[in-house]
1. Run the numbers on region 324-422 and let me know its relative contact order in percent, using alpha-carbon pairs under 8 Å that are six or more apart.
2. What Rg and what Dmax come out for region 1-135 when only alpha-carbon atoms are used, in angstroms?
3. Could you work out which residue, out of 246, 392, 206, moves most in a Gaussian network model of the chain, that is, has the largest mean-square fluctuation with Cα springs under 10 Å?
4. Could you tell me the relative contact order of region 244-304? Use alpha-carbon pairs under 8 Å, at least six residues apart, and round to a whole percent.
5. Suppose the chain between residue 207 and residue 17 were pulled fully straight at 0.36 nm per residue; how much longer would it get relative to their current alpha carbon spacing?
6. Springs between alpha-carbon atoms under 10 Å, Gaussian network over the chain: tell me which of 53, 182, 35 tops the mean-square fluctuations.
7. Using a Förster radius of 30 Å, what is the FRET efficiency between residue 407 and residue 356 based on their Cβ-Cβ separation? Nearest 0.05, please.
8. Once every DSSP H run of n ≥ 4 in the chain is given -39500 (n - 2.57) and the sum is divided by its residues, what mean residue ellipticity at 222 nm do you get, rounded to the nearest 500 deg cm²/dmol?
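None of the figures in this text is laboratory data; all of them are computed from the coordinates on show. Given the structure is predicted, the values throughout are model-derived calculations rather than measurements. So basically every Cβ, Gly included, is an ideal-geometry build from the backbone, and we count neighbours across all protein chains shown.
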């Protein structure tokens with residue numbers, strides 16, 4: 001482990017006066033009294049987003065992968081990298097695991113390591129979208145929807161095994177994404193595929209501990225392009241309702257067709273009390289898995305406006321939402337990319353907190369379209385970076401995480417420790 005506390009303290013001290021000036025200027029510009037400023041900063045500090053273990057290494061495309069070197073070679077090193085990100089950003093106190101990419105060999109030791117880094121295990125994710133070495137039966141034509149009951153049972157057993165690993169590490173959530181579907185008309189019976197999937201998920205649901213939640217993710221295409229068994233939020237919702245009260249919909253920003261109104265989906269699921277999880281990333285064409293907020297920052301803000309509005313509405317009876325980044329970094333340092341995403345997520349949340357909800361509701365009820373739009377735009381256009389820096393500073397993080405990361409040459413140090421050819425496990 002690389003000790004960074006002393007250089008971090010020195011880094012923040014050298015930039016403290018400029019930060020205080022910036023914070024004071026923004027407070028005056030936004031007309032925030034000290035109490036309101038403190039409330040907003042406190043809420044920012046409490047908003048935590050899990051990082052996925054698979055995003056701590058270089059991602060890839062169908063054409064290639066270009067590792068940076070010094071990548072985490074095992075789950076312990078992934079926890080170390082995730083711990084560094086949390087230490088710098090103070091925005092991610094949990095890590096999400098993908099099984100069998102990250103099978104814990106010593107759960108007790110891992111829990112101690114997690115505590116050492118101020119982390120916990122978020123959701124555990126099953127993997128039936130690819131065949132594993134030594135796997136008896138193939139998922140080429142589906143997993144939980146497969147025509148062969150033996151294949152379905154293999155996939156069911158895998159999910160139950162994943163839950164077992166999660167229990168050992170203190171997780172309470174199973175995240176299920178299925179690539180099941182078809183590429184050609186006539187390849188699959190739509191009704192049978194849906195029914196088999198539902199029955200399989202019900203069996204997994206019944207096997208979970210009573211304190212656990214199942215998150216059902218949807219995706220309209222890829223790797224199957226003619227049909228997917230769970231293509232949209234409506235299908236995911238129906239399956240969740242059919243499984244039970246502890247099954248909810250998981251929304252991934254990249255899992256939508258172009259120009260889908262995701263904020264309306266979020267509002268609808270909140271209204272129904274079924275928004276269980278949220279995966280952040282950036283998308284231009286489809287499931288691009290780019291840096292969160294890099295492509296459509298206004299959409300991200302509008303989504304957060306619905307999340308904040310739902311959280312503040314006593315009529316909304318939605319469970320706590322599990323937030324996670326789900327991205328793939330092919331040309332960036334993965335740790336820098338995750339820190340950029342966390343900054344953009346916090347920024348969108350902070351801007352949503354600035355929305356005058358009462359004035360917006362009045363404008364909507366009076367059908368004043370221009371005033372309603374201007375209320376949102378005023379909040380979106382605010383410079384909230386000093387508020388984020390203050391939240392990190394008060395929590396013990398860095399005033400500028402990416403700049404500090406580069407200042408201490410963390411990537412160079414882990415290359416020396418782990419090797420230039422070190423490649424993250426599971427990718």
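1. On the way: 49 pairs, mean separation 24.5, N = 99.
It comes to 25 percent, rounded to a whole number.
2. 19.4, 63
3. 206
4. With pairs under 8 Å counted, the relative contact order is 37 percent.
5. 62.8 nm is the gain from fully extending residue 207 to residue 17.
6. 35
7. With R0 = 30 Å, the Cβ-Cβ based efficiency is 0.20.
8. Calculated mean residue ellipticity at 222 nm is -16000 deg cm²/dmol.
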